[in-house]
Each structure stands twice: as structure tokens, then as C-alpha cells.
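Structure first, commentary second.
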């Protein structure tokens with residue numbers, strides 16, 4: 001067993017830095033509309049925390065470099081969440 005395999009078995013993916021940026025994602029299947037909505041709320045909070053982690057504690061110069069990227073990433077994630085949330089809403093009668 002490689003060290004990386006051992007690490008994956010011991011530490012959950014959510015704890016590892018930048019794990020959510022990897023191509024390999026695991027999403028639990030939501031069985032109800034409420035659970036799906038709660039997962040979207042968690043995903044939205046995660047997006048905001050990622051933005052905060054990227055921008056917090058930076059020097060002024062580094063902040064100017066990182067903030068546009070962090071804001072673009074946050075906006076992209078929030079837009080995707082909004083799209084998923086709209087798909088959860090029941091279709092209105094015409």
C-alpha cells in the first residue's frame with residue numbers, strides 16, 4: 001500500500017487542502033428535496049469559507065493578486081449553486 005492510499009483511508013477528503021478542486025468528487029445522493037436543499041446550503045457555506053481562506057491574512061500586494069481569482073471562483077460556485085437550486089424547485093403550472 002502506498003503512502004497516498006493510506007492517507008486517503010485515514011483522512012476524509014474534506015480535511016485535505018484543495019480536495020474540492022480535484023477532478024474526483026463524491027456527492028452523496030439526496031433522497032429528499034430537503035436534504036438536497038441542505039446540501040446546497042453546505043456547499044454555499046463552503047464556497048464562502050474557501051474565499052475567506054484564500055484572502056485572509058494576506059499582505060496588501062498578495063491580496064491584490066489573490067482577491068480577483070478568489071472572487072471569480074466564489075462567483076462561479078455561487079452561480080452553479082443557484083442553478084442547482086432552481087432545478088430543485090417544482091415546475092409551476094402554466
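The values are calculated or read from the model by the stated rules, or taken from the named source; none is laboratory data. Since the structure is predicted, the reported quantities are computational estimates derived from the model, not experimental observations. Cβ: placed from backbone, ideal geometry, glycine included. Neighbour counts: every protein chain shown.
Can you tell me which of (1) free of Cβ contacts under 8 Å to residues at least 24 places away in the same chain; (2) part of a helix (DSSP H, G or I); (3) more than 27 Å from residue 32 (Cβ to Cβ) is the one residue 58 doesn't meet?
Checking residue 58 against (1) free of Cβ contacts under 8 Å to residues at least 24 places away in the same chain; (2) part of a helix (DSSP H, G or I); (3) more than 27 Å from residue 32 (Cβ to Cβ), the one that fails is (2).
Can you name the condition, by its number, that residue 27 falls short on among (1) at pLDDT 95 or above; (2) not in a helix (DSSP H, G or I)?
Among (1) at pLDDT 95 or above; (2) not in a helix (DSSP H, G or I), the lone unmet condition for residue 27 is (1).
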